[in-house]
Structure formats: structure tokens, C-alpha cells
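To start, the structure itself, in C-alpha cells.
The values are calculated or read from the model by the stated rules, or taken from the named source; none is laboratory data. Note that the coordinates shown come from a computational prediction; the quantities given were computed from them, not determined experimentally. Please note: Cβ atoms are built from the backbone with ideal geometry, for glycine as well, and neighbour counts cover all protein chains shown.
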Amino acid sequence: MPSTRFFATCAKGVEPILAKELKELGVQNLRTASGGAHFEGSMEAMYRANLWLRTANRVLMRLAVIPCPTPQVLYQNVRHIRWHDWISAQQTLAVDCNCRNSAISHSHFAALKIKDAIVDQIRDSTGSRPDVDTQDPDIRVNAHIANDSCDLSLDASGNGLHMRGYRRQTAEAPIRETLAAAIVELADWNSEGFFIDPMCGSGTILIEAAMKALNYAPGLLRSGKKTFGFQRWRGFNDTCWATLVDEAKDRIRDRIPGRLLGYDMSRRAIEIAKDNITIAGLSHCVRLAKGNVLKLNPSGHTGTIACNLPFGERSGDVEALAPLYKGVGDILKQRCTGYKAYLFTGNLKLAKSIGLRPSRRITLYNGPIECRLLEYELY
Ligand SMILES: C[S@@+](CC[C@H](N)C(=O)[O-])C[C@H]1O[C@@H](n2cnc3c(N)ncnc32)[C@H](O)[C@@H]1O
């Protein structure tokens, strides 16, 4: 099969974890870059990446890199690409564009030029044209303009890959599924003993940890709903996709030796987490209960503790939350011997209140916020 070039995007800081995942999938010519990783492979490799990547936000398929010193040249060069290989006149499309350091500096204007070129080419060859739909397009074109060169891709994921399909509701300050998956990858729980999230909110970290331990492909829940971009492309290989989905279903483990436990002080958060866990089909391995982290006492067992602490955004939050951070530090020290703990926070000042020396400090971005995942070895 011919090899195509792809770029999987991810949150800043997650690139090495994404690269590890891609390596395990056996892709070719893997190379990390800021905010993602380049790789090459067949269409099947791209389907598999969308189905199995836990930490990627989306997978883009590169169509061409074209010079674009002027809007006219951009238009002409976009018209030379064989769009009818991917999109028919009856489908809808949207163009996302960003510009940097180029003569063309307005991304909205550049997106219009690209859209015009695609639509004109298809109308000239078929007599009718695709419509634009910015909400739920069949085909999403991604254009990245830098230094008068335009990198054109098709978005193979469509809806972002964080939309796994299990989170119908969220509690306070939920973490993105893909970021939770990155925390889980870094925590590297061996599926034995306990995996505890004592401030589980909507249950995202627990669900991602359970999916990983069970070898449950993160894209399975949305696989039948045509929410992956490539499922709407012309030439989509339904048979190949169905085989990959069947294979992924067969690879789910029935059970794991360990147990996942989630607590939260908020009754509502526990109800939401319970619903999400049920939708994900994971009720058999995750237990939930209302509880205060300051009463946590998992001694007598071993395992992993992982959570994201509330970190607030208003002034005054630091003073209000410092006792909670100190309390969590004390509990880890006094009652969690035999565990490894991973605390995620976006407030570096508050992190100091934990009062324990981390064995690792990992920088991860939650959108624009620079955060830390702090590792504590409590042996
Ligand atoms: C940042 S949120 C966690 C979000 C979660 N990771 C998710 O994806 O939905 C922090 C959670 O800690 C809970 N919480 C705050 N103080 C707590 C305490 N003392 N004990 C237990 N839970 C607490 C809040 O109710 C909230 O759900």
C-alpha cells in the first residue's frame, strides 16, 4: 500500500507520550514536533491511529505543501490538488486556517480562497458544487500557512479524539479525556492493587485508566456513528474499518487483577461519574463512593493514586485551597505508604503547599495553562 504523511496533534508536553503510542502502533518515519508527531503509513494505519491513540487530539492527513506568496497563487495551487478523490459535489466542507509570518496574514480570507478553489474545481468538473457547513461538515480541510507556504491537510478525525462518547455530563472543572489519558500513561499503573482517584469529579481519569488496563480502544464507543472524519471521505474502506473495530473488540480483556476506586466530596459529581462509567461499560471494574480526600486511608494495599486538584482561577483561591493541598500532602505521607501518587495542578504556587518532595515534575499544558504533574514515591 502507498505510504501517506500524517500529523497527529496533541497538547503541549504530551508529544513524547503520543510518540510512544504511535511507535507501538508500528507507524513509519515517526518524528515528534511541537504540539504533535509526524508519521507515515497506509490508510489502514491512519484508521488504526484514530481508533487507538489515547493522547492525540486529532490526526491530519497531509495532501500537499504549496507556495502561497499571494492569494492568487494560493488559489491556483489549491485548484491543482485532486479534491474529487476525497469529496463529492453532494457533500459539505469547512476550511480551518491559521497564518503566521506570511504575506497572506488573514486566516479567514485565506480559508475563503482555499474554499473557492476547491468548490470551483469540483463545479468545473461535475457541474455542481459542495456546500459549506461550519458546524458538521463532511470534509474538514486544515490549512497551516507559514513563511508563504501552505500545508494542506484533511482532518481524518472530524470531531476531536477527546470526544470518546462516554461523557454525557461533566462535574466541576473536568479535565480533557486526552489529557487524562496522558496522566494515566505517565502514571503507568501495572493493573495490580488499587488505582485511586480521590477527587474524581466526572470520572475521566478513572475511565481512561480502566480503558487502558482493559486494552479497550478509546475510539470504540464512537466507531459506529460516522464521527471520524475519514468515515465520510470518498473512498472510505468500510470493510477495512469494520475489521479493525472487530479486532479491537476482541482485544478487550474481561478483567484485570486490580481495582479502580473513585471518591469525591460532591454527591452530584459521584452521580455524574457513575453515569459516565456505565456508558463506557466499565461498572464492573470501577467502584465509586462519596468521600473526602482528607479521610482517604488506603493503607494495607499498594497501587497508584492519581487526581487533578482544584486550582481555581480567581484571586483568593490560593489562600482558600492551600489547606486542601497541605492536607493531601499529609495524607499521602501518613497513610499511603506503598503507593505512587500523581497530582496534577495548574497552580504552581499551590503545589508548594503539598509539602512533599516530588520525584518527578512533568510539565503538561491544559489548553493555555502551564500545569505540572507531580510524582511522589511513597515507599
Ligand atoms: C478539578 S476537579 C476534578 C475533575 C475530574 N478530574 C474530571 O475530569 O471531572 C476537582 C474535584 O475535587 C472535588 N473535591 C474538592 N475538594 C474535595 C475534597 N476535600 N475531597 C474530595 N473531593 C474534593 C471537587 O468536587 C471536584 O469534583
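General remarks:
- Filtering D120, D124, D116 for residues that are at pLDDT below 95 and outside any strand (DSSP E or B) leaves a single hit, D124.
- So G338, is it over 30 Å from the mean Cα position of the chain (by Cα), within 9 Å of the ligand (Cβ to nearest atom) and assigned by TED's automatic domain parsing to the domain that holds L373: no
- Test: residue in segment 189-209 that is touching a residue at least 60 places away in the same chain (Cβ under 8 Å), more than 30 Å from G346 (Cβ to Cβ) and in contact with a helix residue (DSSP H, G or I) (Cβ under 7 Å, 6 or more places away or on another chain): no
- Options Y263, Y216: the member that is closer than 30 Å to M43 by Cβ, among the hydroxyl-bearing types (S, T, Y) and either outside any helix (DSSP H, G or I) or in contact with a Pro (Cβ under 8 Å, 6 or more places away or on another chain) (or both): Y216
- Filtered residue count, segment 154-182, keeping only those that are charged (D, E, K, R) and either farther than 18 Å from R222 by Cα or not in a loop (DSSP other than H, G, I, E, B) (or both): 3
- Flag: C307 does not match the condition of being within 28 Å of C10 (Cα to Cα) and either assigned to a loop (DSSP other than H, G, I, E, B) or in contact with a Ser or Thr (Cβ under 7 Å, 6 or more places away or on another chain) (or both).
- Pick from segment 228-255, criterion in a loop (DSSP other than H, G, I, E, B) and modelled with pLDDT of 95 or more, ranking: farthest from the ligand (Cβ to nearest atom): N237
- Annotation note: of V27, V78, V73, the sole residue that is closer than 29 Å to V132 by Cβ, without any contact (Cβ under 8 Å) to a residue 24 or more places away in the chain, out of contact with any Ser or Thr (no Cβ under 8 Å at 6 or more places or on another chain) and not assigned by TED's automatic domain parsing to the domain that holds A187 is V73.
- Flag for A273 being small (G, A, S), over 30 Å from Q334 (Cα atoms) and in contact (Cβ under 8 Å) with a residue 24 or more places away in the chain: no
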